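For reference, the structure discussed in these notes is given below.
The values are calculated or read from the model by the stated rules, or taken from the named source; none is laboratory data. The structure displayed is predicted, hence computed values, not measured ones. Here the Cβ positions follow ideal geometry from the backbone for every residue, glycine too, while neighbour counts run over all protein chains shown.
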Amino acid sequence: MFTYSLQGLELSTDVAGPTEVEENETTARSAVYQVLGSFFAATPAERDAGAASGRWSQELVAAAELLPFAFDIGEVPAPGGSPGADGGLGADALLGGEATPDRDAEVAAVCREYEYFGLAAGADGARPADHLATELDFLQYLCFREAATPSPRLAVSFRRAQRDFLDRHVLEWVSRLAERAGAEGAGKPVLWALERLVAFVTADRAYVAARLGS
Amino acid sequence: MSVAAPTNPGAGTGPAETTDPAGAARATEAGYRARWTWDRVTWGTHCLNCLAGCPYRVYTRDGVVAFEEQGGTIDPVTASVPDMNPLGCQKGGAWSVQLASEDRVLHPLRRVGERGSGQWERISWEEALTAIADTVVTAIDEDGPESVVFEESVEGGLLAQAPFLRLASLLGAVTLDANGLVNDLPTGQHLTFGKFSCASTVDDTFLADVLLLWHANPAYTSIPYHHFISEARYRGARVVAIAPDYNASAVGSDLYVPVRPGTDAALALSMCRVLLDEDLWDRGFVATQTDLPLLVREDTGRFLRQRDVERGGSEEAFYLWDQATGLVPAPRGTLDLGGVDPALSGSFAVTLADGTQAQVTPVMDRLRAHLDAYSPEDASAVCGVAPGTIRTLARTVAGRRCKILEGFNGPKYYHGDLMERSMCLLLALTGNWGRSGSGIQGLALAGLDGYLLFSMKTRTGVEETARVLDGVDQAMEGLRQRDPEATDEMLGNNLLALATSSGTSAPPVFFNFHHAGYDQTWNRSEWSDPAMTKPFGSYLQDAVRRGWWGGVARPGASQPPRVLFSVGTNPLRRARGGRARLVDTLWPKLDMVVVVDFRMSATALHADIVLPAAMQYERVNVQYPITHMLRLSFSDAATEPRGESRTEWQIFSALARAIAERAEARDLATYVDARRQTRHAERLGDDFVLGGALASDEDVLDEWVRDSADAGTLPAGSTVDELRRVGSLRFTGLGVFAPGLSVAADVRPDDVMTAFSWHVERLLPFPTLTRRAQFYIDHPWFIEGGEVLPVHKDPPRMGGEWPLVLTSGHARWTVHSIGMGNRHLLGTHRGQPLVILSEPDAAAREVRDGDSVRVANDHGQFEAMARVTPRVRPGQVIVYNGFEPHMFPRWEGANEVEPGMVKWLHLVGKYGHLRYLPFGWQPVPADRAVFVEVTRVARGGAAGGHGEEA
């Protein structure tokens, strides 16, 4: 059974339905988003510790088992050196809004997405709505809801939402984030995770679009 | 924040007195450069009831709108037609001027003198809302929520309309159907097709071989779309203008056909006669699409029904006569006749259920006989068009793709339905609908699913949308069980009918008759159809007693109106019957008249409280969906609202809270409406905004857009942010609800949309009684009125026995009265009301151009400046629509001479498609072809004493 859990978002309605469903291709996608979200939600120290212990790769391998497309997880490199408090990234690097001309507008835009699909950005002090981990949490949720809903209409709605959210938000900036991380000498686990992320969201977007016929 | 009107480029910006030419040139250049600079660009449209939603770029500088220009960014749909660019007109191009008009309302105002005295005090929003809330609570407590009446609006965009409709719905109030007020209802199209959403995308105009501009003056009223007419001419189309006056559109036509006012049915029926006489009609189309092959009993004049032939048979199943096998049921689930070859002439014997025999004939046979009275020579004597021209015109239409561009003039004639039925018959005989370049292009509305879902959702978000849509699916399936042959369009109509019976919408005919004094005129038999055998009021009473109007005939005679809300409407300018009637008859019954508007309209001048509304460019909004463009057009907040003005969402959500507070304070937490439904006044504030989820206009709009995308009306994933970026979005479908389905067309991203193509290509039946385009209305009242088939009837002598016939039309320079405060637009014409009359009529009355004249009849009078022109035919007088009463002497506007007569046959209900649905079939007031006399009041100058007394 796959269980989803939200870290940066809160359910704003009581319509979420079950929290566990039989594992399948869609829960596998949700699970990958969950692991990647956890990685970017973690502190640099936690990331490094997870890399050293093999946690990330193990979790990703397990999550990706039923994926409907090829996804090369590779080896998580051992952390080397001391990349700093943000794993070698600037303090705001993981905020999608910072990659746009108007962060407030971007935050408002992603919040509207969350709200329309029954979620709310975290309360005061929680992770920002445009944080990469929050956005991946949202994708985890959308995939899970697609898998869990008994309504064919809603399943399509959640599937379309995945494609649109990837297009409008995540794909808009993660490649540049990966390039920037490389240029700025981010830690190896971060570079590995970003590389995996870019590969995954690109493949996932193509998969979702194919299922939608667009 | 202030708003400045654009200034004349260069004016006042350079040293005009300089003697240095080069310096002056540089200064002028600098002036221009300064004038055309900006620091922000947004999208804007004007949300007017002009059937357009032209995307404009709005340029602001230092928070002030500097100017706007046409967007011109709409992608071509297909290489086979020109693109829509550049949409726009002079009204849109001057919108920013009006932001700073002197007639803007900037603060909440309360009347302190007599109504209409012009004495006001400025009050706070809290004072205004509390005063209104208290009055509403009192009215509900004493006379029920049906005593609170809202005039529905067609101006201002969806975000201006939704808020007051939502409040009315939560209160259980009555909303007066907008189409019953403004009469843009093509009743003849509805009688024929069971609907009136017959308009293709406007680029389909380009594909026509023949364009008939009939009851339309697109050079005035469809400026953004007019280029398609010119382009069609270059493609080889023949453009024919049919109008009493040589109007601006006639100038650019290949043929001008002058028809006497109100005689268009005679012309159209004569053309039909020519088509039949010369065997130029499309037999296959007629047999497949229309009721002309259906059988009619010769003894009763009514359709042969299954009930006649079989005991317990249906009242709504009909028959054909197959030339091979004899009597066969007409299919109800399709227009496909299979192998049946229906007779279109002949008399046949049929055995009835009681064993007796009856003779039956196809409708077509009756039509042929009926058209005997419309030879070109006979028709010419009626309509004034030469017989040769009638024949030529009929031959021109035959065998070609013909499109009728009809505006809203036809429906405004008393017998406009007969004119439209005749025009539709012409299209039927020539196979001209459902194919590109054909059809009748009038009211062009569709549905925006998100907007339609809005009132059904009890919380925001996609889960609720799915729940509602699943519920709609289930309801449709339930209805389909009862009628397996019904199309989705018919089921959608049935679902809408169910919702309507418990909703707030009501045809205004009952309100006007019982409460606004219209009984006095509608019962005047000398101004009515001579076929009537009793007063109008008796027919109305009869129709209600027969249950034809179900639960929508309200507020009834015993239900006093107490509070009237007018939100962006202007009944004292618009109401046929005149300002005086409403002020003298209705107003004294009202505890409070509340006007929400951005300008001091005629109605605002007579209100008790006026609330200032934000204008487009000061708030977000979207125009209602229009099939002409097939795009959802967005208007952004380019600047802050002026003064204390607010959006309607802000106003009515605050009013909902105020009513809840006052109701609770006065121990009226709950109440029961006339339908025995418990209403919760104490929850009103929360229910209005769904517990806070819909806090702002943008929240509401985003919900609509996302829901529309989810339902398939807009591109998948559409959001308000996307609209903000691109300005407008093309529809991807017409949705799942009745308004969209009635267009009966596929929306393809790379093609024009052709209305009714489902009927022609897929052979889906029409939502009429007979499930075919229906020209034979065998309702007993129509039999009594002699209107079973389309017929010409002279306009009733509305206004009395006077020699001149007054017509009207939408003006070039304003959309209704909206632009009457716009100095730029006022400068494009004489800036005051005009009475346009012919040279012979003027000479006979010693009237010269510029004189002040009085127009009068037995109903009323008004005065205005005469404009004498050779383009108006003798006997006709034109006053264009939109002038405010206070632009006339003594505030007597042009509607003072209009009795606003209502056709009795439009009271018919419970006859197949003749049933009330919002914005649809209902009695509507006529204002064209009113009889008047014109006399000179003063020489030269403006009316009202500026000239020399005559």
### Task
Answer yes or no as to whether residue B:153 is under 28 Å from residue B:815 (Cβ atoms) and assigned to a loop (DSSP other than H, G, I, E, B).
yes
#### Entry: For residue B:106: the one exception among (1) part of a loop (DSSP other than H, G, I, E, B); (2) of a type in the set (A, V, I, L, M, F, W, C); (3) more than 28 Å from residue B:65 (Cα to Cα)
(3)
### Task
Quickly run through the range B:443-484 and pick out the residues that are β-branched (Val, Ile, Thr) and in contact with a Phe, Trp or Tyr (Cβ under 6 Å, 6 or more places away or on another chain).
B:462
### Message
Restricting to the range B:117-150, count the residues that are in a loop (DSSP other than H, G, I, E, B) and crowded, with 23+ Cβ neighbours inside 10 Å.
### Response
0
### Message
Please return the ranges of strands (runs of 3 or more DSSP E) entirely within the range B:265-379 where 3 or more residues are without any contact (Cβ under 8 Å) to a residue 12 or more places away in the chain and farther than 26 Å from residue B:758 by Cβ.
### Response
none
### Task
For the range A:122-147, name all the residues that are crowded, with 19+ Cβ neighbours inside 10 Å and either aliphatic (A, V, I, L, M) or on the phi > 0 side of the Ramachandran plot (or both).
A:129, A:132, A:133, A:136, A:139, A:142, A:147
### Query
What number of residues within the range B:677-730 satisfy the criterion of being buried (at least 21 other Cβ atoms within 10 Å of the Cβ), in a loop (DSSP other than H, G, I, E, B) and touching a residue at least 60 places away in the same chain (Cβ under 8 Å)?
4
### Query
Identify, please: which residue in the range B:707-722 is of a type in the set (Ser, Thr, Tyr) and over 15 Å from residue B:447 (Cα atoms) and is, among those, nearest to the other protein chains (Cβ to nearest Cβ)?
B:719
#### Entry: Test result for residue B:20, surrounded by fewer than 18 Cβ atoms within 10 Å (Cβ to Cβ) and at pLDDT 90 or above
no
### Query
Does residue B:641 count as touching a Leu at 6+ places or on another chain (Cβ under 8 Å) and crowded, with 21+ Cβ neighbours inside 10 Å?
no
### Message
Would you confirm whether or not the range B:462-479 contains a residue that is outside any helix (DSSP H, G or I) and within 14 Å of another protein chain (Cβ to nearest Cβ)?
### Response
no
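Table: residues versus (1) of a type in the set (Gly, Ala, Ser); (2) within 23 Å of the chain's Cα centre (by Cα); (3) surrounded by fewer than 24 Cβ atoms within 10 Å (Cβ to Cβ).
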residue	(1), (2), (3)
B:614	yes, no, no
B:617	no, no, no
B:632	no, yes, no
B:659	no, no, no
B:664	no, no, yes
### Only listed residue being modelled with pLDDT under 90, buried (at least 17 other Cβ atoms within 10 Å of the Cβ) and either within 12 Å of another protein chain (Cβ to nearest Cβ) or within 13 Å of the chain's Cα centre (by Cα) (or both), chosen from A:119, A:94, A:89
A:119
### Task
Scan the range B:22-59 for residues that are aromatic (Phe, Trp, Tyr) and in a loop (DSSP other than H, G, I, E, B) and jot them down.
B:36, B:38
### Task
Examine the range B:187-209 for a residue that is outside the structural domain of residue B:813 (by TED's automatic domain parsing), at pLDDT below 95 and surrounded by fewer than 24 Cβ atoms within 10 Å (Cβ to Cβ), and state whether such a residue exists.
no
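So that you can scan it fast, the table gives a plain yes or no per residue for (1) among the hydroxyl-bearing types (Ser, Thr, Tyr); (2) at pLDDT below 95:
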{"residue": "B:431", "(1), (2)": "no, no"}
{"residue": "B:434", "(1), (2)": "no, no"}
{"residue": "B:437", "(1), (2)": "no, no"}
{"residue": "B:440", "(1), (2)": "no, no"}
{"residue": "B:444", "(1), (2)": "no, yes"}
{"residue": "B:458", "(1), (2)": "yes, yes"}
### Among the candidates B:69, B:114, residue that is on the phi < 0 side of the Ramachandran plot and in a strand (DSSP E or B)
B:69
### Summary
If we ask which residues in the range A:177-193 are assigned to a helix (DSSP H, G or I) and either closer than 14 Å to residue A:42 by Cβ or of a type in the set (Gly, Ala, Ser) (or both), their number turns out to be 8
## Note on the structure
Just one listed residue, out of B:743, B:736, B:747, is under 24 Å from the mean Cα position of the chain (by Cα), within 26 Å of residue B:442 (Cα to Cα) and within 14 Å of chain A (Cβ to nearest Cβ), and it is B:736
### Message
Considering only the range B:494-517, I want to know if a residue exists there that is aliphatic (A, V, I, L, M), away from chain A (no Cβ under 14 Å), out of contact with any His (no Cβ under 7 Å at 6 or more places or on another chain) and over 26 Å from residue B:170 (Cβ atoms).
### Response
no
### Query
List, please: which pairs have Cβ atoms under 6 Å, are six or more places apart or on different chains, and start with a residue in the range A:162-191 that is within 14 Å of another protein chain (Cβ to nearest Cβ) and end with one that is surrounded by fewer than 23 Cβ atoms within 10 Å (Cβ to Cβ) and in a loop (DSSP other than H, G, I, E, B)?
A:164/B:717
#### Entry: In the range A:1-38, the residues that are at pLDDT 90 or above and closer than 19 Å to residue A:129 by Cβ
A:33, A:34, A:36, A:37, A:38
### Query
Out of (1) basic (Lys, Arg); (2) at pLDDT 95 or above; (3) surrounded by fewer than 24 Cβ atoms within 10 Å (Cβ to Cβ), the odd one out for residue B:403 is which?
(3)
### Query
Among the residues of the range B:532-543, is any among the β-branched types (Val, Ile, Thr), surrounded by 19 or more Cβ atoms within 10 Å (Cβ to Cβ) and touching a residue at least 12 places away in the same chain (Cβ under 8 Å)?
no
### Query
Which of the residues spanning the range A:117-134 are out of contact with any strand residue (DSSP E or B) (no Cβ under 8 Å at 6 or more places or on another chain) and without any contact (Cβ under 8 Å) to a residue 40 or more places away in the chain?
A:124, A:125
### Query
Among the residues of the range B:667-676, which ones are surrounded by 15 or more Cβ atoms within 10 Å (Cβ to Cβ) and either not hydrophobic (A, V, I, L, M, F, W, C) or not assigned by TED's automatic domain parsing to the domain that holds residue B:646 (or both)?
B:671, B:673
#### Entry: Any chance residue B:636 is among the acidic types (Asp, Glu), within 14 Å of chain A (Cβ to nearest Cβ) and under 23 Å from residue B:568 (Cβ atoms)
yes
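Okay, residues lined up against (1) under 17 Å from residue B:809 (Cα atoms); (2) surrounded by 20 or more Cβ atoms within 10 Å (Cβ to Cβ); (3) more than 25 Å from the chain's Cα centre (by Cα):
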| site | (1), (2), (3) |
| --- | --- |
| B:847 | no, yes, yes |
| B:850 | no, no, yes |
| B:861 | no, no, yes |
| B:870 | no, no, yes |
| B:893 | yes, yes, no |
